[in-house]
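Just so it is clear, none of the values below were taken in a lab; they were calculated from the coordinates. Keep in mind the model is a prediction, meaning the values are calculated, not measured. Note that we place each Cβ from the backbone using ideal geometry, even for glycine, and neighbour counts take in every protein chain shown.
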């Protein structure tokens, strides 16, 4: 059943991407609502800052959020593949392969953290200023 095997990987990637997309939408929405509240002089005229921020997100910035979440999902997916390979090779006595896989996983973990940091700050800028950063 190779088709089923491929569909499993597809669903894993889709899960990672959707998860990152939802978290990114949350970051942009919160940043936009906080910026709108902070920069409004008369708080009585504020209205619904969260809904306004969500509307701005879905109307203007959905592509930036999707692209940033795609980058993070790709790196996470590669990490999942390396973890799968490590599990499959755990019964062998080849220490060199195990060492190389662990080094690659460590480098990918660091790169993922860097991408998350960069993307989150870009999402905050998008939410505050309404600029497309990614």
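On C-alpha positions alone, give me the angle between the axis of helix 2-38 and the longest principal axis of the chain, in degrees, nearest 10.
Tilt of helix 2-38: around 30 degrees.
Would you mind computing Rg(Cα) / (2.2 N^0.38 Å) for the range 1-64, counting N as its residues? It would help to have the intermediate numbers written out before the result.
On the way: Rg = 17.9 Å, N = 64, 2.2 N^0.38 = 10.7 Å.
Computed over Cα atoms of the range 1-64, the ratio equals 1.67.
Measure off 7 Å from each Cα along the Cα-to-Cβ vector at residue 26 and residue 74, then give the distance between these two points in nanometres to one decimal.
Modelled inter-label distance: 2.5 nm.
What number results when the radius of gyration of the range 45-97, computed over Cα atoms, is divided by 2.2 N^0.38 Å? The partial results should precede the final answer.
Details: Rg = 20.9 Å, N = 53, 2.2 N^0.38 = 9.9 Å.
The value comes to 2.10.
Per residue, what volume in Å³ does the convex hull of the Cα atoms of the range 84-133 enclose? Display every interim value, and only then the final one.
Values: hull volume 3.4 nm³, N = 50.
So the per-residue Cα hull volume is 68 Å³.
With angles folded into 0 to 90 degrees, how steeply does helix 95-129 sit against the dominant principal axis of the chain? Use alpha carbons for both and round to 10.
Value to nearest ten degrees: 10.
Looking at the calculated P(r) for the range 2-129, what percent of the C-alpha pair distances fall above 19 Å?
On the way: 4849 of 8128 pairs.
Above the 19 Å cut-off, the range 2-129 has 60 percent of its Cα pairs.
Relative to the longest principal axis of the C-alpha atoms of the chain, give the angle of the C-alpha long axis of helix 62-88, reported between 0 and 90° and rounded to the nearest 10°.
20
I want to verify a result. In a Gaussian network model of the chain, Cα cutoff 10 Å, which of these has the top mean-square fluctuation: 89, 101, 57?
Judging by the Gaussian network model, the answer is 89.
Who wins for biggest fluctuation among 109, 48, 17 in a Gaussian network model of the chain, springs between alpha carbons below 10 Å?
48
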